[in-house]
1. Please compute the length gained on full extension between residue 89 and residue 34, using 0.36 nm multiplied by the number of residues separating them and subtracting their Cα-Cα distance.
2. Please list, in order, the residues from the range 59-76 whose amide nitrogen is less than 20 Å from a point placed 7 Å along the Cα→Cβ vector of residue 42.
3. Using only the Cα atoms of the range 2-113, what do you get for the radius of gyration and for Dmax, in Å?
4. If the chain between residue 115 and residue 103 were fully stretched, how many nm would it gain, using 0.36 nm times the residue separation less the Cα-Cα distance?
5. Could you work out the helix-only [θ] at 222 nm for the chain, with each DSSP H run of four or more residues adding -39,500 (n - 2.57) and the total divided by the number of residues, to the nearest 500 deg cm²/dmol?
6. Given C-alpha coordinates of the range 22-72, what is the ratio Rg to Rh with the Kirkwood estimate of Rh?
C-alpha cells in the first residue's frame, strides 16, 4: 500500500470484509467504485469485492488465480445480469486476447497494435 500511496493513490485500504464496504461507500457517497482492480490473484477477493462496485461499474481481474475457490455462481451472475445489483462488467487483463501475428480471421494482432 505504501507504493500505491507513493504513486498518488488517494485511498488505500487492506481488504477487511467487516469494514471495507462502509469505508468505500463513505468515500464514494454510497455509489461504490466505478472500477475495481483485483490484482492479488486470490480467487475469493474478486467475489468479495462485488458489493463495492457501482452499478454499471467494472472489475478488472489482473491477478492470475492461485488456487481453487468455490462460490455460488448464481449470486455472482446477479452482479453481471441483474440491474438491482449491476450490471457489472468482468474484464480479464492477464492473458493475451489477440494473436501475435496478423490473421485473416482476426482484425487486430499484437504486431499490428504495436505499430
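Read the figures in this text as sums done on the coordinates, not as results from a lab. Values in this document were obtained by computation on a predicted structure and should not be read as measured data. Ideal geometry is used to build each Cβ from the backbone, glycine not excepted, and the neighbour counts take in all protein chains shown.
1. 18.8 nm
2. Under 20 Å, as judged by backbone N against the label point of residue 42, lie 59-72, 76 of the range 59-76.
3. Spelled out, the Cα radius of gyration and Dmax of the range 2-113 are 16.6, 51 Å.
4. Result for the pair: 2.8 nm of gain on full extension.
5. -7000 deg cm²/dmol
6. 1.01
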